Structure formats: C-alpha cells, structure tokens
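Reviewing the structure listed below.
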Amino acid sequence: MEFWFEEEHKILRDSIHKFVANEITPHVEEWDELGLTPRSLVQQMGELGYLGLMYPEEYGGQGGDVFSAIILAEELGRSGSLGVANTVLVHAYMAVPIILRYGTEEQKHDYFEPAIKGQKIASLGITEPGAGSDVSLLKTVAHKDGDRWIINGTKIFITNGTQADFVVLAARTEPGQGSRGISVILVNRDAPGFSVSRKLQKVGNHASDTAELVFEDCAVPLDRLVGEEGKGFNQIMWELQLERLVVGAAATAAGEYALEMAIAYCQQRQQFGRPLAGFQALQHRIVDLATALEAGKQLVYGAAWKYKHDLYPVKEVSMAKLYCTNTAFMAADYALQLHGGYGYMMEYPIQRLWRDLRLWRIGGGTDEIMREIIAGQMQLVPKEQRR
Ligand SMILES: Cc1cc2nc3c(=O)[nH]c(=O)nc-3n(C[C@H](O)[C@H](O)[C@H](O)COP(=O)(O)OP(=O)(O)OC[C@H]3O[C@@H](n4cnc5c(N)ncnc54)[C@H](O)[C@@H]3O)c2cc1C
C-alpha cells in the first residue's frame, strides 16, 4: 500500500479505472468532434458518486477525503481526453465547493446536491475580457434593485459554459473596491438577461465546451449571494487551491500516460536494425521524464495531505500546479517526438494529449502567476518593500 492511500482508496481507484476504460476512453474521439462531454456522462458519474467523493454524506457526498478526488483526477488524466477531465473537474471540484463551504442550507439543497448527483451542471465564471490573472480588475457588476441583483458584464473562457445549468459567478458588488468589492452569486441558465454569446474554438480540450457569457440587466434573487457580500475574492482564492491540486494530479497522470504510449511505440518501432527503445539516448530522456513525473506526483500528494489537514498550503499547491503541468507537457511533447511523423498525425492519440495538456499551463492560474504566488509565499521581497 502506498504511503498516502488506504485500502478504500485502492478499491475506489479500481472502480474508477474500469469506469474510465469502459465509458470514457472509447468515446474520446467522438466527444472531441462533438465539442463537449455529454451531459449523460456527468449524470452517470453523479449516480455513481464520483462527483461527490470528498463531500459530506449529509449533502449527498461519499464522505471521502481529498485523496479520493485526486484519484478521480488521475484516472480521468489517463482517459486519453483532458477535455472530459476538464468538464468533470471544473463542475464538481472547482465550481461547486464554494457553495458547500460558504453557501446557505437552501443553496446547498438547490445547487450543490443536484450538482454532485449529476442532475445539474455548474460552471465557474471568474475570467473576463479585461480581467484574467488579475481577478481584482473584474468589471461585471451586480447592484441591488429591490429583492434582486441586477448583473451586467461579460465572462470569457468559461468551461462548461454552453451547457451549464448555473454559473458560480464572481461579480463586483462594491464599485472601486478592488479585490474587496467582489461577491459570488449563483445565476441560473434561465435567468432573464443571461445568454451564452458564443462557443469558443480551442487548440485542444475539444471535449470540453468553453463559452463567452453575457449578462445584460440579468435579474437574480438576492438570496443567491454565496457567503458574505464583498468576500468573493477570498472565496475564489480558497477554491483555487483544490482546483490547482486536481489539475496537478490529472496533468501528471496524463503525462505518464503519454510516456507509456511512447514507450509502447518505441518497443515495436524498428530503425537502424533495432527497436527505438534500445537507443540509450532515448532511454535516458524517458527515464528523466518518468523521474520528474514521479516527483510531481509526490508534490501533489504532499500538498494534498496538508490540504486534508486544513493547513491551507498555498505555496505547495502552487508549486505542484506549476511543476506538474510543465512536466506533463514536456512529457507529452517528448512522447509526440518519439512517435516521429506519426506523432504529428491526427490518427495517433498522442497529439490529443499534447494539445490538451498545453491548457493547464494557462488555465487555473498561469505558470507566471504560480511563480508570483510562490515568490510571495517565500517572502522574497520583505513586507515593507512590497508595492
Ligand atoms: C480553455 C480555457 C478554459 C478556462 N476555463 C475557465 C473557467 O471555467 N472559468 C474562468 O473563470 N476562467 C477560465 N479560464 C481562464 C483562465 O483562468 C485565464 O485564461 C488565465 O487565468 C489567464 O488569464 P488571461 O487569459 O486573461 O491572461 P493574462 O492575465 O492577460 O496573461 C497574459 C500573460 O501575461 C502573464 N502575466 C500576467 N500577469 C503577470 C505578472 N504579474 N507577472 C508575470 N506574468 C504575468 C500571464 O502569465 C500570461 O502569460 C479558462 C481559460 C482557458 C484557455
């Protein structure tokens, strides 16, 4: 048994592994062409409890710990499609945890529970055309009008945006207050004034739908505010820790999967009278990447352990996200290289991992922002000298 995992984790991994092999991997090409992961898969995963692995039983969850979500992320990372992984992880482990932690009992009943049962799909609306890495710049405003919020603004790059039943939306409720004036509000798909203005075409992650959302005098009842008004920035920063952990886990697993594909290819492909796998130059590079992926995995597990024990490990989570997404992309890039010209052909699955993995060096906080956070945590610049 591995240090971080219990017997029940192993049983869970086996069952998710079988599910992924039977219900996801055979469909990855079809869903890439479709441009989304079908709702029926989310429903099926909800019924099996996979969307609520680490949540309390009283709210419909399985009562497990963060390592159960890590296992799900890893197995989805090995599905062959990170578009599917993105759809599921954004829905269940990025968008809705804020509701469980900060929401009212009514919000948990109306949004959180149906979401983790797979009955409703969620998206997370933070990024805007003018506010990406710097969340404090966001301009979407929500002001009170009688018993409603009236919301105006645009969100961009929103995962699950075309099919989500509700958006966990970050909006400015106190103008001119920077990061302090932001709140989180739940917006239903059928709210008047809400529209999906366009579906975005991406380089990879085709099985994950991504949209631009527009709010034009969008009216939402006041009781859809999640937690305290004006505290949304802190809620989002809290949410991002789990997001970055599961992304680190899924990326590393996808990197390993890519390398395994390449090894299998190199064992059968003959050049210069022997299999490619027999060339020492290739062996050494494969070994270096396998070692780096293993190191990344341990970084995720260590950060997850601290997360599980409420230590709020921002530095370790950011390191894990930065290191794992870069290492996994390097592994996929080399795996494609090892396939030679075939690697560049759409008929070989390695290209999908290479395209899909590129996203995670951007989404969920870019490489550069991870370094900024880590530098801040290391206090490289003394507090009194910070701007
Ligand atoms: C496919 C996809 C799905 C996404 N899904 C969602 C979603 O579901 N919900 C959501 O809210 N958002 C989502 N995003 C948005 C994502 O989180 C942002 O793209 C990301 O945070 C970067 O913001 P930006 O694109 O505006 O880039 P910018 O912030 O404009 O950054 C551009 C470049 O400048 C660099 N940079 C910025 N500031 C600094 C600095 N201080 N120091 C050094 N370098 C810096 C960045 O690292 C980057 O390389 C998604 C994005 C993509 C591509």
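The values are calculated or read from the model by the stated rules, or taken from the named source; none is laboratory data. The structure displayed is predicted, hence computed values, not measured ones. Ideal geometry is used to build each Cβ from the backbone, glycine not excepted, and the neighbour counts take in all protein chains shown. The accessibility values were calculated without ligands, DNA or RNA, using every heavy atom of the protein model including side chains. Shrake-Rupley method; radii C 1.70, N 1.55, O 1.52, S 1.80 Å.
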Those residues of region 191-214 which are over 27 Å from G230 (Cβ atoms) and assigned to a loop (DSSP other than H, G, I, E, B), in sequence order: L200, Q201, K202, V203, G204, N205, H206, A207, S208, D209
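Name the residues in region 244-264 that are open to solvent by 20 Å² or more (accessible area, probe 1.4 Å) and either not hydroxyl-bearing (S, T, Y) or not in a helix (DSSP H, G or I) (or both), would you?
Of region 244-264, the ones open to solvent by 20 Å² or more (accessible area, probe 1.4 Å) are 256-257, 260-261, 263-264.
If the condition is that a residue be open to solvent by 20 Å² or more (accessible area, probe 1.4 Å) and either not hydroxyl-bearing (S, T, Y) or not in a helix (DSSP H, G or I) (or both), then E256, E260, M261, I263, A264 are the ones that fit.
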Pairs, first without any contact (Cβ under 8 Å) to a residue 24 or more places away in the chain and of a type outside the set (K, R) in region 37-50, second open to solvent by less than 60 Å² (accessible area, probe 1.4 Å) and assigned to a helix (DSSP H, G or I), C-beta under 9 Å, six or more apart: P38/H27; P38/W31; G49/I116
From the options Q267, Q298, residue that is touching a strand residue (DSSP E or B) at 6+ places or on another chain (Cβ under 6 Å) and either open to solvent by less than 30 Å² (accessible area, probe 1.4 Å) or at pLDDT 95 or above (or both): Q267
Matching residues in region 198-228 - criterion: being farther than 17 Å from W360 by Cα, charged (D, E, K, R) and out of contact with any Leu (no Cβ under 6 Å at 6 or more places or on another chain): R198, K199, E212, E216, D217, D223, E228
Residue in region 139-152 that is within 15 Å of the ligand (Cβ to nearest atom) and within 18 Å of the chain's Cα centre (by Cα) present: no
Subset tally (residues that are near the ligand (Cβ under 10 Å from one of its atoms) and among the small types (G, A, S)) for region 341-363: 1
Among (1) within 11 Å of the ligand (Cβ to nearest atom); (2) assigned by TED's automatic domain parsing to the domain that holds A171; (3) open to solvent by 10 Å² or more (accessible area, probe 1.4 Å), the one test that A211 misses: (3)
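Could you tell me which of the residues T366, T291, T325 is within 15 Å of the ligand (Cβ to nearest atom), surrounded by fewer than 19 Cβ atoms within 10 Å (Cβ to Cβ) and not assigned by TED's automatic domain parsing to the domain that holds A69?
Values: T291 fails: within 15 Å of the ligand (Cβ to nearest atom); T325 fails: surrounded by fewer than 19 Cβ atoms within 10 Å (Cβ to Cβ).
Exactly one residue qualifies, and that residue is T366.
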Qualifying position, being within 10 Å of the ligand (Cβ to nearest atom) and open to solvent by less than 10 Å² (accessible area, probe 1.4 Å), among G232, G181, G161: G161
Of all residues making up region 159-191, the number that are of a type outside the set (V, I, T) and more than 19 Å from the chain's Cα centre (by Cα): 16
Residues (near the ligand (Cβ under 6 Å from one of its atoms) and touching a strand residue (DSSP E or B) at 6+ places or on another chain (Cβ under 6 Å)) located in region 126-138: I126, T127
Residue match in region 45-64 (condition: open to solvent by less than 50 Å² (accessible area, probe 1.4 Å), within 13 Å of the ligand (Cβ to nearest atom), of a type in the set (F, W, Y) and closer than 26 Å to F3 by Cβ): no
In region 146-158, the residues that are open to solvent by 10 Å² or more (accessible area, probe 1.4 Å), at negative phi and among the hydrophobic types (A, V, I, L, M, F, W, C): I150, I156
Evaluation of Q385 against (1) among the polar types (S, T, N, Q); (2) more than 16 Å from the ligand (Cβ to nearest atom); (3) modelled with pLDDT of 95 or more (one fails), failing number: (3)
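Just one of G118, G132, G125 is on the phi > 0 side of the Ramachandran plot and under 19 Å from the mean Cα position of the chain (by Cα); which is it?
On the way: G132 fails: on the phi > 0 side of the Ramachandran plot; G125 fails: on the phi > 0 side of the Ramachandran plot.
Among G118, G132, G125, only G118 is on the phi > 0 side of the Ramachandran plot and under 19 Å from the mean Cα position of the chain (by Cα).
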Among the candidates D217, D223, residue that is open to solvent by 30 Å² or more (accessible area, probe 1.4 Å), in contact with a Gly (Cβ under 8 Å, 6 or more places away or on another chain) and farther than 30 Å from A254 by Cβ: D217
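So that you can scan it fast, the table gives a plain yes or no per residue for (1) assigned by TED's automatic domain parsing to the domain that holds I11; (2) closer than 19 Å to R224 by Cα; (3) of a type in the set (D, E, K, R):
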{"position": "G63", "(1), (2), (3)": "yes, no, no"}
{"position": "S68", "(1), (2), (3)": "yes, no, no"}
{"position": "P97", "(1), (2), (3)": "yes, yes, no"}
{"position": "R101", "(1), (2), (3)": "yes, yes, yes"}
{"position": "E128", "(1), (2), (3)": "no, no, yes"}
{"position": "L137", "(1), (2), (3)": "no, no, no"}
Counted residues, region 339-359 - those being open to solvent by less than 10 Å² (accessible area, probe 1.4 Å) and hydrophobic (A, V, I, L, M, F, W, C): 3
